[in-house]
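Comments concern the structure below.
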Amino acid sequence: MLGAGSRPERVDGFAPLRDYAALGDGRTAALVAVDGSIDWLAMPTFDAPPFFAALVDPERGGRFSLAPVEPFSVAREYVPDSNVLRTTFRTASGAVRVTDALCVGASGPLPWSELARRIEGLAGEVRVRWRVEPGSRFGRAQPWVHEEAGVPTVRVEDQYGAVLAFDAGDVRCDPGGAGAELVVEEGRRSLVALVVTDSQPVHLATRDPIERRLDATVDSWRRWAETICYDGPWRDAVVRSALTLKLLMVERTGAITAAATTSLPERIGGDRNWDYRYAWVRDSSFALESFLELSLVEETHAAVAFLVRALRRSGRLNVLYKLDGTVPDSDVARDVHARGYRDSRPVRSGNRAAGQVQFGNYGDILDSLWQYVDAGNLLDDATLTLVHQYANEVCDVWRSKDAGIWELPDQRHFTQSKIGCWVTLDRAIRLVEQRGIAIPTLDRWRAERAAVREWIERQCWSESRHSFTIHPGTDDLDASVLLAARSGFLDRDDERLDGTIDAIRAELGVGPLVYRVSGMRREEGAFLACSFWLANALIHRRRVDEAGELLDALVDLANDVGLYAEEADPATSAFLGNLPQALTHLSLVTAVTRFHREMRGAPRRS
């Protein structure tokens with residue numbers, strides 16, 4: 001783990017994924033490496049073509065670099081209870097602090113995108129160099145930087161922006177970028193900002209309004225963090241995960257972005273590099289549970305409302321949605337020019353999972369709606385119609401094969417998908433019974449729920465492994481079956497969950513980390529959310545001491561600013577996959593809050 005005073009290192013132009021922190025403004029995120037380079041930023045939204053993408057293409061992707069000229073060490077942290085980053089660079093001659101923010105306005109996201117970087121001299125004198133270099137947007141564009149009205153301006157396809165520098169050196173432009181060097185003495189304060197619009201005029205702000213917006217952005221995050229209700233163990237990790245989930249939530253729509261990036265590999269040099277800038281139904285459902293655990297009522301409602309709007313608009317249940325709630329096609333564009341992170345190709349835009357069928361998503365949707373109602377809220381008639389529709393559809397399709405939670409290429413009778421079908425019918429029955437409604441199909445739902453359970457218990461249990469398996473006809477294991485504890489498919493006294501836990505730890509576990517399924521160790525890293533699912537399953541079976549030890553180890557696996565990626569290499573703890581990863585952070589929140597409730601002896605949320 002990176003610590004105070006660490007010296008950042010790159011390999012062939014690439015920073016370790018652990019070295020990145022994230023900034024956010026309710027629409028998009030920037031990734032800042034520990035050496036001060038902003039290597040990823042898509043504007044104005046997460047899913048736009050990236051303005052900076054050195055993360056996956058150091059030569060052509062573009063970046064906003066800012067660091068001392070001479071050798072330096074680094075210590076950094078988020079401004080407490082915010083997504084504003086504070087980095088302290090120390091050299092032989094002095095120290096400077098850089099505060100980075102994607103600024104927000106008085107009432108939410110600005111009409112333009114504004115990235116602000118404040119430079120403050122702390123001690124001695126430090127020569128600092130900064131430079132803005134827009135990228136080629138995955139080979140689609142030829143950026144052009146020039147001076148206009150005395151200000152460096154940037155044009156990248158339909159995007160138009162300006163580099164605003166205040167007491168930040170003698171700025172020089174060339175077609176590839178703009179930048180300067182300056183000597184920062186103790187007490188000196190400088191500011192550099194990038195302002196960008198899409199096919200619009202550009203507002204050239206003066207220094208004071210940008211400074212105020214930067215400070216107001218800190219205040220805005222802090223006000224939001226005050227609404228987090230949690231006072232138990234690992235509180236810092238819970239608050240940071242909540243802030244990260246809020247950063248990944250699109251303020252205008254309520255969509256939860258799976259991750260801020262695309263094409264970060266699950267194995268260095270491999271081709272398992274996916275675009276995660278979409279809203280998965282599964283992630284949105286799990287996020288809602290995390291928001292409820294922390295009493296974040298506005299975010300809870302926004303997540304439910306996004307799902308319901310997307311479902312009604314599409315007319316069918318999809319695996320994932322665009323961040324505006326529309327349905328993406330399953331086409332995937334590949335950038336043949338970009339190197340890919342550490343030469344892991346291809347770099348993708350789009351996700352083929354958009355065309356898949358996953359029956360577990362029915363359970364995700366209905367479980368979300370049940371949790372919403374169980375928290376004291378009401379469903380409108382149109383949403384109840386969806387409940388009836390999906391329950392009836394599951395009655396018809398649950399005996400069929402699907403792609404499963406892991407979006408595998410071969411369709412099978414995946415155990416977790418069948419559990420999702422059971423959850424669908426169970427939650428539909430609860431929702432109807434809770435309202436005291438008598439409907440003709442209720443008896444069918446009950447009968448099919450019993451049939452699904454009987455099928456799973458007969459077909460998916462392995463006596464030889466003393467565990468549920470990934471699908472019938474194999475002894476291979478699947479860590480997602482641990483979600484049977486979350487869903488209530490296996491109750492607290494069901495010893496089969498103990499057998500499944502122990503088998504998964506023995507075959508898929510490496511220390512605190514867990515691989516997703518059997519036979520994948522050479523293909524990818526350990527999937528971090530699975531480790532938190534394991535902790536939750538241990539809590540469900542009252543193995544609280546084991547869960548506490550596991551959570552201790554997992555909290556320590558975060559990077560220096562508390563962020564997680566999708567996966568980690570068990571041998572080195574290096575991050576793999578896209579980041580920051582919503583599923584990892586929301587799984588942390590759920591596991592830790594349930595641990596806290598178990599230790600207090602408080603009743604479980606149904």
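Among SER573, THR217, VAL98, flag the residue with its Cα farthest along the positive direction of the charge dipole of the chain, charges on Cβ as +1 for Lys/Arg and -1 for Asp/Glu.
The listed residue farthest towards the positive side: THR217.
Helix 281-293 sits at what angle to the longest principal axis of the chain, using alpha carbons and giving 0 to 90 degrees rounded to 10?
Roughly 90 degrees, rounded to the nearest 10.
Per residue and in cubic angstrom, what volume does the convex hull of the Cα atoms of segment 385-429 have? If you can, show how the numbers build up before the last one.
Numbers: hull volume 3.0 nm³, N = 45.
Here the figure is 68 Å³ per residue.
Applying a 10 Å radius around every beta-carbon, put 24-32, 321-329 in order of their mean neighbour count, most first. Can you show the working numbers first?
On the way: 24-32: 24.9, 321-329: 17.8.
Descending mean neighbour count gives 24-32, 321-329.
State whether segment 328-377 is rounded, prolate or oblate according to the following rule on the C-alpha gyration tensor (a ≥ b ≥ c being the square roots of its eigenvalues): a/c under 1.5 gives rounded; otherwise a/b larger than b/c gives prolate, and the remaining case gives oblate. All intermediate terms of the calculation are to be shown ahead of the outcome.
On the way: a/c = 4.31, a/b = 2.76, b/c = 1.56.
Prolate is the answer for segment 328-377, as a/c is 1.5 or above and a/b outweighs b/c.
What percentages make up the Cα-Cα pair-distance distribution of segment 503-606 when the bins are 5 Å wide from 0?
Histogramming segment 503-606 at 5 Å steps yields 2, 13, 25, 24, 18, 11, 5, 2, 0 percent.
For segment 377-456, what class follows from the C-alpha gyration tensor (a ≥ b ≥ c being the square roots of its eigenvalues): rounded when a/c is under 1.5, otherwise prolate if a/b is larger than b/c, else oblate?
On the way: a/c = 2.53, a/b = 1.76, b/c = 1.43.
Prolate.
So, with +1 on the Cβ of K and R and -1 on the Cβ of D and E, and no other charges, what is the size of the charge dipole of the chain about its Cα centre, to the nearest 20 debye?
Values: 73 positive and 88 negative charges, 108 e Å.
Taking the Cα centre of the chain as origin, the dipole is about 520 debye.
Cα axis of helix 582-600 to longest principal axis of the chain: angle in degrees, 0 to 90, nearest 10?
With rounding to tens, the tilt is 60 degrees.
Please state the charge dipole magnitude for segment 482-537, taken about the Cα centre, from unit charges on C-beta atoms (+1 on K and R, -1 on D and E), reported in debye and rounded to the nearest 20. All intermediate terms of the calculation are to be shown ahead of the outcome.
Numbers: 7 positive and 9 negative charges, 54 e Å.
So the dipole magnitude of segment 482-537 works out to roughly 260 debye.
Suppose the Debye formula is applied to equal point scatterers at every Cα of segment 284-405; what is log10 I(q)/I(0) at q = 0.18, 0.20, 0.21, 0.23 Å⁻¹?
Taking Cα atoms of segment 284-405 as identical point scatterers yields -1.00, -1.14, -1.21, -1.35.
Give the angle, between 0 and 90 degrees and rounded to the nearest 10, that separates the Cα long axis of helix 415-435 from the longest principal axis of the Cα atoms of the chain.
Computed tilt is about 80 degrees.
Let me know the Rg and Dmax you get for segment 441-570 when you use only its Cα atoms, in Å.
Reported Rg and Dmax, both Å: 15.9, 54.
Across the chain, what fraction of all alpha-carbon pairs, as a whole percent, falls in each successive 10 Å bin from zero upward?
Result, from short to long distances: 3, 17, 27, 26, 15, 8, 3, 0 percent.
Once Lys and Arg get +1 and Asp and Glu get -1 on their Cβ, which of LEU490, GLY61, LEU245 lies farthest toward the positive end of the dipole of the chain?
Looking along the dipole axis, the top candidate is LEU490.
Can you tell me which of 94-106, 266-278 comes out highest on packing, and rank the rest after it, using the mean Cβ neighbours within 10 Å?
Details: 94-106: 21.8, 266-278: 19.8.
Packing order, densest peptide first, comes out as 94-106, 266-278.
Report the one residue of ALA287, LEU369, ALA338 whose Cα lies farthest in the direction of the positive end of the charge dipole of the chain (charges on C-beta: Lys and Arg +1, Asp and Glu -1; origin at the Cα centre).
The residue sitting farthest along the positive end of the dipole is LEU369.
Given axes a ≥ b ≥ c from the Cα gyration tensor, I'd like to know whether segment 49-115 is rounded (a/c under 1.5), prolate (a/b larger than b/c) or oblate.
Values: a/c = 2.64, a/b = 1.24, b/c = 2.12.
It is oblate, given that a/c is not under 1.5 and a/b is not larger than b/c.
With charges only on Cβ, +1 for K and R and -1 for D and E, what is the dipole size of segment 36-191 about its Cα centre, in debye, rounded to 20? It would help to have the intermediate numbers written out before the result.
Working: 17 positive and 22 negative charges, 39 e Å.
Computed charge dipole of segment 36-191: roughly 180 debye.
Can you tell me the Rg and the Dmax, both Å, for the Cα atoms in segment 155-268?
Cα only, segment 155-268: 19.0, 53 Å (Rg, Dmax).
Would you list the P(r) distribution for segment 147-222, with all Cα-Cα distances sorted into 10 Å bins from 0 and each bin expressed as a whole %?
Here the calculated profile for segment 147-222 is 16, 43, 32, 8, 0.
From the mean inverse distance of alpha carbon pairs (Kirkwood) and the Cα radius of gyration, derive Rg over Rh for segment 1-160. Write out the running numbers ahead of the final one.
Details: Rg = 15.8 Å, Rh = 16.4 Å.
Rg/Rh for segment 1-160 comes to 0.96.
What is the mean projected area of the alpha carbon convex hull for segment 247-286, to one decimal in square nanometres? Walk me through the numbers before you get to the answer.
Numbers: hull surface 12.9 nm².
Its average projected convex-hull area is 3.2 nm².
Each value in this text was obtained by applying a stated rule to the coordinates, not by laboratory testing. These figures come from a predicted structure and were not determined experimentally. So basically every Cβ, Gly included, is an ideal-geometry build from the backbone, and we count neighbours across all protein chains shown.
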